[in-house]
1. Per residue, how big is the convex hull around the C-alpha atoms of the range 1-151? Give it to me in cubic angstrom, could you?
2. Using the crude model of +1 on Lys and Arg Cβ and -1 on Asp and Glu Cβ, and no other charge, please compute the dipole size for the range 1-119 relative to its Cα centre, in debye to 20.
3. Where does the Debye-calculated log10 I(q)/I(0) of the chain sit at q = 0.11, 0.12, 0.15 Å⁻¹, using only Cα point scatterers of equal weight, no solvent?
4. Using modelled amide H (1.01 Å from N, peptide plane; none on Pro or chain starts), what sits under 5 Å from the amide H of residue 64, excluding residues fewer than 5 places away?
5. For the chain, set up a GNM with springs between Cα atoms under 10 Å and report which of 204, 259, 234 has the largest fluctuation.
6. Could you give me the percent of Cα pairs per 5 Å distance bin for the range 123-281, shortest bin first, beginning at zero and ending with the bin that holds the maximum distance?
7. Ranking request for peptides 250-256, 240-246: highest mean number of other beta-carbon atoms within 10 Å first, then the rest in descending order.
8. Are there GluC sites (Glu not before Pro) in the range 8-48 that DSSP puts in a loop and that have at most 16 other Cβ atoms within 10 Å, and which ones?
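What follows is calculated from the coordinates using simple rules that are stated; it is not laboratory data. Everything numeric here is computed off the predicted structure, so don't read it as measured data. A quick note on method: Cβ atoms are made from the backbone with ideal geometry, for glycine too, and the neighbour counts reach across all protein chains shown.
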Amino acid sequence: MNNPYIPYPVEIEKIEVENESRDIRTFRFAFANPADRAAFDFTAGQFAELSVLGAGESPVGIASSPLDRDYVEFTVKRYASGVVTTALHNLQPGDRMGIRGPMGNGYPVERLAGRNAVVISGGFAVTTLRALIRYLLHPDIRPTVGDITVIYGARSPGELCYKNEFLDWSKRSDIEVHLTVDKGDPSWKGRVGFVPAAVAEIAPSARNALCFICGPPVMLKYTVPELTRLDFAPEDTFLSFEMRMKCGIGKCGRCNIGPHYVCVDGPVFSLAETRDMPLEY
């Protein structure tokens, strides 16, 4: 992107409600100019600013794979006090808006060649990890990566995102999927428990593996010690601080953690890097 302040014009192609509360929706965008999609070259884990005319813009992690060439997707939670997210949730397919990005860094997928991947997430934060999973399962990429283990949890069955995709992935033989909920309901037959407890019980192997985590701060706080106990090296464990994303180009000063600007230096950091930073979870 030549000018980081100018968004690409896009049109909403599709909107999908992701949860029972209906406050999380996935938006599929088509670029008004096909060349802009080629210019919007990103890595799973990066984010962009979604611009709604008359409302403003908001930073959101990219939820589609970099190899989804014809479109880009973002999963957005509507907040009661969120002007931009509320305006976005009021839009319909065919409406136009803008995307500014991509921004920040992504997950180090280049390090996964010949190695195993462990993906851990909780709640709405699964968005950029969904992008990572879709990327790793692409026919061109899957043969280059070892075992893939996914652990994903939500407050309740109705709050699990991407249900159909997780169902499809769970039927595959080349990926291991574990879903858990804080509290089940009469229809839920799966695991019940918090994500850190599921990690402890499942005990994914750290041997020749990279681990990728994104979730609410309380999940990170209790999951990281479990990964340390399982011998995941700090240099091979990657966290996303996407909740700190702001302007995207390190100008507003609202995303910094110590000397680091999350919008520029992150949002993905290795656990080794975070140990030299003020505690954020």
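1. Per-residue hull volume (Cα only) is 115 Å³.
2. For this selection, approximately 180 debye.
3. -0.61, -0.73, -1.19
4. For residue 64, the qualifying residues are 73.
5. Answer for the Gaussian network model of the chain: 259.
6. 2, 8, 16, 20, 20, 16, 11, 5, 1, 0
7. Final packing ranking: 240-246, 250-256.
8. 20
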